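Read through the structure below, which is laid out as structure tokens, and then see the notes.
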Amino acid sequence: MQLIVVIATAALVLALVSADEPAAARYDGFKVYKVFVKDEQQLDEFKKMSSNLPVHFLGAIGGPDKHYDVAIDPANHEAMESYLQDNELGYVRTIDDLQAILDESVPQTKWLFPSKHSFNWTAYHDLKPLYEWLDYVTIRNHLKVTPFVIGYSYERRPIKAIRISMKLGNKAIFIESNIHAIEWISSATTTCFIDRLLKAENKDMKNLLWNYDWIFVPVLNPDGFEFSRHKVRLWRKNRKPTGFSNSSGPCYGVDLNRNFDFEWGETGWNIDVPCDHWYGGAKPDSEPEVKALERFVKSFPRKYIRMYLAFHSYGNMVLLPYGHTIDEFPENYDQMMRIAKAFAAGAKVKYGTVFRSGASGLLNYLVSGSAKDWAYGIRHIPFTATIELRDDGSKYGFFLPASQILEVCDEVTDGIVAMVDQAKAEGLF
């Protein structure tokens with residue numbers, strides 16, 4: 001599932017690209033629609049919407065026979081509806097006031113943020129309390145948790161990571177999240193899973209804690225994450241200047257999940273447009289955050305990391321290599337599918353959430369230069385996947401309320417338990 005957000009006010013477009021420090025964008029009265037695109041002709045008309053309305057797309061456009069989520073300000077939503085009707089594009093409205101949804105998930109005053117000792121998962125938190133909590137659990141569990149600063153972002157924020165290891169000889173599972181700034185649920189799920197793993201309150205979690213090493217990079221894109229938290233909720237990329245400009249001013253950021261040096265630049269919606277939100281960079285590995293992750297993964301012996309999981313949102317999918325093609329598949333694709341389906345079966349138990357599994361080029365959309373494809377294609381980690389978390393796009397998309405964090409953590413934890421069991425049965429460990 002892709003979310004396409006249409007911003008129809010000049011002020012907000014300026015805020016997305018301005019070099020100045022903009023005030024935090026608000027989305028009072030913004031409507032969110034699900035638009036159904038049946039064929040290539042409708043897809044062309046859908047793409048042309050930016051020529052007929054002052055729009056800004058935030059999510060990648062795939063092919064026909066899909067539905068896409070679209071948001072627009074209250075002054076222009078009637079014009080957009082008319083455009084869709086004129087072009088026989090079906091739609092339903094899913095959110096009447098986007099800002100009201102966002103307000104449910106963000107504490108209204110700074111003093112409400114929990115301390116590092118009482119960090120919880122009833123709200124989404126800024127980078128500072130998240131990092132303070134990560135430092136706290138490292139100190140509290142110093143015999144089993146090793147901290148890392150794997151590098152620094154363009155704006156010189158540290159990119160923190162931890163490794164949890166209870167005994168020598170374990171193989172490792174690697175989890176990264178918030179490579180895309182907008183996807184707050186990804187790092188919230190990672191930190192929640194870390195907490196449950198360290199507490200290990202049942203047999204399954206004790207097995208995961210004692211018999212496997214775990215490596216976590218909770219926020220790979222700290223600059224973009226902070227910009228999304230405090231300036232533009234819809235921001236996706238990092239914050240490095242591209243060196244290009246458009247009518248609104250200088251353009252910023254690269255989509256980090258398009259910048260890895262594996263089939264870089266081969267395919268993907270607007271990956272070569274520097275002012276777009278899917279820009280893959282001027283060359284592979286051009287971004288400090290991507291270089292830091294690659295160095296970190298390479299710092300471990302080959303065959304030590306056996307699973308690589310990238311938490312994203314949204315869509316309820318387990319996406320396998322490859323993203324750049326629909327004709328090529330990993331040699332062990334059947335094995336990977338069995339492991340992915342084990343995750344889906346485990347994740348479904350508590351709340352009935354249905355995860356689909358398959359190669360990302362087939363199941364989602366074509367894209368090259370992703371982290372999970374690099375981890376498989378270059379580092380030869382035998383199981384790599386992007387896990388697209390809630391929801392399925394029927395309601396909230398990227399704007400999942402914080403009230404659902406714990407449920408997402410539940411189903412992901414159950415899914416990982418089942419996934420690791422299957423991977424062990426397949427001989428990965």
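The values are calculated or read from the model by the stated rules, or taken from the named source; none is laboratory data. If you're wondering where the values come from, they're calculated on a predicted model, not measured in any experiment. Backbone-built Cβ (ideal geometry, glycine too); neighbour counts: all protein chains shown. In case anyone asks, the SASA skips ligands and DNA or RNA and just uses the protein heavy atoms, side chains included. Shrake-Rupley method; radii C 1.70, N 1.55, O 1.52, S 1.80 Å.
Asp327 meets the conditions (1) open to solvent by less than 10 Å² (accessible area, probe 1.4 Å); (2) at pLDDT below 95; (3) over 15 Å from the mean Cα position of the chain (by Cα) in every case but one. The failed one is (1).
Just checking, which of Glu176, Glu155 is in contact with a helix residue (DSSP H, G or I) (Cβ under 6 Å, 6 or more places away or on another chain) and either over 22 Å from Val420 (Cβ atoms) or touching a residue at least 60 places away in the same chain (Cβ under 8 Å) (or both)?
On the way: Glu176 fails: in contact with a helix residue (DSSP H, G or I) (Cβ under 6 Å, 6 or more places away or on another chain).
Among Glu176, Glu155, only Glu155 is in contact with a helix residue (DSSP H, G or I) (Cβ under 6 Å, 6 or more places away or on another chain) and either over 22 Å from Val420 (Cβ atoms) or touching a residue at least 60 places away in the same chain (Cβ under 8 Å) (or both).
Would you point out the residue of segment 357-393, among those that are of a type in the set (Phe, Trp, Tyr) and touching a strand residue (DSSP E or B) at 6+ places or on another chain (Cβ under 8 Å), that is surrounded by the most Cβ atoms within 10 Å (Cβ to Cβ)? It would help to see each step written out before you state the result.
Filtering segment 357-393 for residues of a type in the set (Phe, Trp, Tyr) gives 365, 374, 376, 383.
So of that shortlist, the ones also touching a strand residue (DSSP E or B) at 6+ places or on another chain (Cβ under 8 Å) come out as 365, 376, 383.
Numbers: Tyr365: 19, Tyr376: 23, Phe383: 27.
Step by step, filter segment 357-393, then rank; the result is Phe383.
Yes/no per residue for (1) at pLDDT 85 or above; (2) of a type in the set (Gly, Ala, Ser); (3) in a strand (DSSP E or B):
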| residue | (1), (2), (3) |
| --- | --- |
| Val32 | yes, no, yes |
| Glu45 | yes, no, no |
| Ser51 | no, yes, no |
| Leu58 | no, no, no |
| Ile61 | no, no, no |
| Pro64 | yes, no, no |
| Pro74 | yes, no, no |
| Ala79 | yes, yes, no |
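Residue under question is Ala15, and the condition is that it be open to solvent by less than 20 Å² (accessible area, probe 1.4 Å), part of a loop (DSSP other than H, G, I, E, B) and modelled with pLDDT under 65; does it hold?
On the way: open to solvent by less than 20 Å² (accessible area, probe 1.4 Å): yes; part of a loop (DSSP other than H, G, I, E, B): no; modelled with pLDDT under 65: yes.
So Ala15 fails the test.
The residues of segment 251-262 that are closer than 30 Å to Tyr376 by Cα and either part of a loop (DSSP other than H, G, I, E, B) or open to solvent by less than 30 Å² (accessible area, probe 1.4 Å) (or both), listed by number, are Gly253, Val254, Asp255, Leu256, Asn257, Arg258, Asn259, Phe260, Asp261, Phe262.
Evaluation of Lys144 against the conditions (1) among the basic types (Lys, Arg); (2) modelled with pLDDT under 90; (3) touching a strand residue (DSSP E or B) at 6+ places or on another chain (Cβ under 7 Å) shows that the sole unmet condition is (2). Looking across segment 195-250, the residues that are hydroxyl-bearing (Ser, Thr, Tyr) and surrounded by fewer than 19 Cβ atoms within 10 Å (Cβ to Cβ) come down to Ser245, Ser247, Ser248.
Residue count for segment 259-281 under the criterion of being free of Cβ contacts under 8 Å to residues at least 24 places away in the same chain and either hydrophobic (A, V, I, L, M, F, W, C) or in contact with a helix residue (DSSP H, G or I) (Cβ under 7 Å, 6 or more places away or on another chain) (or both): the result is 1. With respect to (1) open to solvent by 20 Å² or more (accessible area, probe 1.4 Å); (2) farther than 14 Å from Thr386 by Cβ; (3) touching a strand residue (DSSP E or B) at 6+ places or on another chain (Cβ under 9 Å), the lone exception for Ala292 is condition (1).
Where helices (runs of 4 or more DSSP H) fall entirely within segment 290-393, those with at least 3 residues that are touching a residue at least 60 places away in the same chain (Cβ under 8 Å) are at 333-351, 371-377. Does Gly352 satisfy the criteria of being over 17 Å from the mean Cα position of the chain (by Cα), at positive phi and open to solvent by 30 Å² or more (accessible area, probe 1.4 Å)? Yes: the conditions hold for Gly352. Taken together, the residues in segment 67-93 that are farther than 22 Å from Ser228 by Cα and touching a strand residue (DSSP E or B) at 6+ places or on another chain (Cβ under 6 Å) amount to 9.
Taking the listed residues Phe225, Phe174, the one that is under 17 Å from the mean Cα position of the chain (by Cα), modelled with pLDDT of 95 or more and either among the β-branched types (Val, Ile, Thr) or in a helix (DSSP H, G or I) (or both) is Phe225, with no other qualifying. Within segment 195-216, the residues that satisfy the criterion of being touching a helix residue (DSSP H, G or I) at 6+ places or on another chain (Cβ under 7 Å) and hydrophobic (A, V, I, L, M, F, W, C) are Leu197, Leu198, Ala200, Met205, Leu208, Leu209, Trp214, Phe216.
Restricting to segment 394-408, count the residues that are open to solvent by 10 Å² or more (accessible area, probe 1.4 Å), in a loop (DSSP other than H, G, I, E, B) and of a type outside the set (S, T, N, Q).
Step one: list which residues in segment 394-408 are open to solvent by 10 Å² or more (accessible area, probe 1.4 Å), which gives 394-396, 398, 403-404, 406-407.
Keeping just the survivors that are in a loop (DSSP other than H, G, I, E, B) gives 394-396.
Okay, now just the ones that are also of a type outside the set (S, T, N, Q), so 395-396.
Residues flagged as open to solvent by 10 Å² or more (accessible area, probe 1.4 Å), in a loop (DSSP other than H, G, I, E, B) and of a type outside the set (S, T, N, Q) within segment 394-408 amount to 2.
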